[in-house]
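What follows is a set of notes on a single structure, which appears directly below.
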Ligand SMILES: Nc1ncnc2c1ncn2[C@@H]1O[C@H](COP(=O)(O)OP(=O)(O)OP(=O)(O)O)[C@@H](O)[C@H]1O
Ligand SMILES: [Mg+2]
């Protein structure tokens, strides 16, 4: 830099930029204690109400739920139920989301494939995916493969639709920048289009993750097996009929804890992976 | 004032050089129409001009007159509907590193640091990572962004982002710099500083610059020559040489000639806007 005149305004620009960072850091890093405080407050109020005013017998207080969960964990039952559920969830989510993201990205890039998939997708999208279960069950029974197929089908749509829209809406001028630099088609796709499409694609994956939990539960609730094969969902429905409310609540707490942990991990990973774009979102 | 074709600043030193009377860029009867849903927009009609090597050409025009479209065609990003575009006598086939484009909107890759953004074209060109980074650092120093290598675009102000985009474009080692209202979104002070800095960089580089703006003073302060465009259809309504001395700086802005140019261009644009509204009343909905 030769001009001294530029010194001052640069200091101004510098300050503006740092403010942007401060705001983003607050968004990215200081958020979870607040969220935790919110959850703790809610649980405390619940506990307080339960131990002073009292609750109906089918609603347990957090302390009672924790005690029941600890007992069931110690006996190994909760762990077995949870692993049966998680196995379905992981398979269903992975298959459905991977297929959805891959096809979504490809159909976003290739107009022909996009048009080809548009028909089947629009036709099947509005169908509540849980209705697939009885149909698949005719042929596979109420088995793990049947449940996994339904979970996968549910996960496919948000993954596909978001990945597709994300690639379609990549800023034209970013692609032109790549062309200006002389980048080939493949390099432009891998190094410009895909990263530009990532935030929205990841938002779709996160939606799929939430649906995976919902469908894990729903597919277990319908025609569930017995013993630990019932999974958390099946166990909760069974516990309702037998009146074992402490089991019901322990299973519910486990689902909440698992879902919350998985989602938090996912968001943390995303924050690491897309720091530049996260900063932009935090600033906007 | 009619089109004034300038003689190239460089005469042929090597035998491979194009003939001395050939302009670096020749735009001839360029036309561009966009059609969508049976509606047609004549973005450009019969646009012709020559740009000699090393010239700083400003293009001035109201919003929507086709300035970006023209620059996109010169850059090879969009195709003309009619007419021809010759670069050193050869037709333009597509984008190339010989024409470095700075777009109207911010186009840094938000997922890359400033350093990686500027280094990227070098990597595309086959340079090693370390070498690309070194070049990026040099370029960032020329635009006054040393110390911000590891920042992400979102952490920079608008002016700083445009500097980074300029650094990235300069890294292509272009012969022609195409700039589409690069300072349009900046505040007045930052804008003036960027103008002075661009002048300084241009004076040291020997680059040809085509600079689009809708700011009269900016067009005059920067340019050797100003093309004025009118809208619907987009066409050239004036071609004026700017006879202000160089180097230009803060004193140039107080030059009474600046004010004369200002009112001259203002008058041209006003005349264009007047009858324009009547003439196009029913013919061209867009
Ligand atoms: N891809 C497109 N499809 C249809 N019409 C377009 C397209 N791009 C530009 N146009 C039309 O062409 C005309 C010129 O657009 P252009 O963006 O070149 O104007 P401009 O002079 O750069 O305006 P501004 O100063 O606002 O940037 C406008 O009427 C615009 O609506
Ligand atoms: Mg424009």
**OP:** Would you tally the residues in the range B:39-83 being within 14 Å of chain A (Cβ to nearest Cβ), within 12 Å of ligand 2 (Cβ to nearest atom) and touching a helix residue (DSSP H, G or I) at 6+ places or on another chain (Cβ under 9 Å)?
**Re:** 1
Subject >> Whichever residue in the range B:106-120 is outside any loop (DSSP other than H, G, I, E, B) and crowded, with 22+ Cβ neighbours inside 10 Å and, among such residues, is nearest to the other protein chains (Cβ to nearest Cβ) >> reply: B:120
Original post:
If residue B:123 satisfies every condition in (1) assigned to a helix (DSSP H, G or I); (2) within 16 Å of ligand 1 (Cβ to nearest atom) but one, which is the exception?
Top reply: (2)
Original post:
So residue B:145 fits all but one of (1) buried (at least 23 other Cβ atoms within 10 Å of the Cβ); (2) modelled with pLDDT of 95 or more; (3) assigned to a loop (DSSP other than H, G, I, E, B); what number is the exception?
Top reply: (2)
**OP:** Answer yes if at least one residue in the range B:168-175 is touching a strand residue (DSSP E or B) at 6+ places or on another chain (Cβ under 7 Å), within 14 Å of chain A (Cβ to nearest Cβ) and within 16 Å of ligand 2 (Cβ to nearest atom), and no otherwise.
**Re:** no
**OP:** Could you tell me which of the residues B:133, B:150, B:99, B:129 is more than 16 Å from ligand 2 (Cβ to nearest atom) and either facing chain A (nearest Cβ under 8 Å) or buried (at least 21 other Cβ atoms within 10 Å of the Cβ) (or both)?
**Re:** B:99
Original post:
Of all helices (runs of 4 or more DSSP H) completely enclosed by the range B:151-227, which ones contain at least 3 residues that are under 26 Å from residue B:244 (Cα atoms), in contact (Cβ under 8 Å) with a residue 40 or more places away in the chain and within 16 Å of ligand 1 (Cβ to nearest atom)?
Top reply: B:216-222
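The values are calculated or read from the model by the stated rules, or taken from the named source; none is laboratory data. Every value quoted in this text rests on a predicted model; they were computed, and no experiment measured them. Virtual Cβ from ideal backbone geometry, glycine too; neighbours counted across all protein chains shown.
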